[in-house]
Amino acid sequence: MAPAVKPVLALTVGDVAGVGPEVVAGALADPRVHAACRPLVVGDAASVGRWCPVHRVDGPEAAAFEPGTADVLQPGDDLVAVPLGRLSAVAGDAAVRYVRAAADLAGSGRVAGIVTAPLNKEAMHLAGHRWPGHTELLADHFGIENFSLVLTSGGLSFFHVTTHVALREACAMVTEARVGAVIDLAHRFGPAFGFDRPAIAVLGLNPHAGEGGVFGREDVDAIAPAVAAAVGRGIDARGPLPADAAVPAALAGRYRSVIAMYHDQGHVVFKSVFGDRGVNITVGLPVVRTSVDHGTAFDIAGQGLARPESMVEAILLAAALAPDWHRISA
């Protein structure tokens, strides 16, 4: 059931050289979106205008929220000259600007949440912005140190101890403190995903969860103590578990939350199983932020081939989470 007062959500278009404007416009054409929220697009009006009629506004208060038309708040210059499907520092810089503008709107209470289309990390770096991605950019913007990228769909959520770092660096970042912090996040945000005390599967870093230290000490020295401490706090955490056994068990319904130690340990399985139904959430922020779980897809940008399903799911989830996010994140 839609809330009595539909939340205003800021939809950022991401990198305009990619499929972001197209999937945003495609999502706005889905009647479920306007039934669930009042969408305000933050980005380049001309880029969105390739795919649907636009109404330029200077803030959510001026938006009409009429189905069939995108209300667009545009921070910065027009980017219609940016070529599609090619890396552009101009587009990378603008994508960061759109996210910051949406975060400012959310931080001041003018919108209830943020939904992001994909930015391109290489383009962002070309523009001089060194965050690994949206997650870290938003955490920095809000001054948050304890956060996690979460992929969720079908009642199952994958939390991540590390994300956009080299694998060698990820291994070094698997510490007792960091694993414990993510376990706490998974437990704390369980109610947002529909369960009060989720069984949390904590994956091992090494094959077979290290085999008691034979295949590496991280599972013994960092992960196991973090799990034991969490259990002592009343959290239903289990692990470290061999990933090749625990993930199939989670997909079969034994666990509601899975804590992956590095990016591909969670992402590969999740995207293989859930595809366009997956949504990316950043937990730990003071405002709700969801995102598509795909990239900028430069190879198909501008061709009308991008599917908006993940964007629609991200918007619907943000609309559902926004009314109680302040209570959950407090």
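No value in this document is a laboratory result; all are computed from the given coordinates. Computed from a predicted model, the values in this text were never measured in an experiment. Quick reminder, even Gly has a Cβ in these numbers, built from the backbone with ideal geometry, and neighbours come from all protein chains shown.
Points worth noting:
- Selected from 103, 260, 250 as most flexible by GNM, with the chain as the system and alpha-carbon contacts under 10 Å: 250
- With 10 Å bins from 0: P(r) over region 146-276, alpha-carbon pairs, percent: 14, 50, 32, 4
- Local electrostatic count, residue 303, Cβ distance below 15 Å [Lys/Arg +1, Asp/Glu -1]: +1
- Volume of the convex hull of the chain (Cα atoms only), normalised per residue: 124 Å³.
- Assigned charges on the beta-carbon of Lys, Arg, Asp, Glu; region 146-276 dipole about Cα centre (debye): 280
- For region 265-330, dividing the convex hull volume of the Cα atoms by the residue count gives 109 Å³ per residue.
- Restricting region 243-285 to trypsin sites (Lys or Arg not before Pro) in coil, as DSSP defines it, with at most 16 other Cβ within 10 Å: 254
- In this entry, region 128-213 is assigned a mean projected area of 7.2 nm², taken as a quarter of its C-alpha convex hull surface.
- Region 125-185: trypsin sites (Lys or Arg not before Pro) in DSSP coil with no more than 14 other Cβ atoms inside 10 Å: 130
- Beta bridges by DSSP in the chain, antiparallel share as percent, to the nearest 5: 30
- Selection from 199, 241, 209 lying farthest towards where the dipole of the chain points positive, charges on Cβ: 199
- DSSP-assigned coil residues among trypsin sites (Lys or Arg not before Pro) in region 16-90, each with at most 14 further Cβ atoms within 10 Å: 86
- Springs join every pair of Cα atoms under 10 Å in this Gaussian network model of the chain, and among 279, 231, 96 the largest mean-square fluctuation is at 231.
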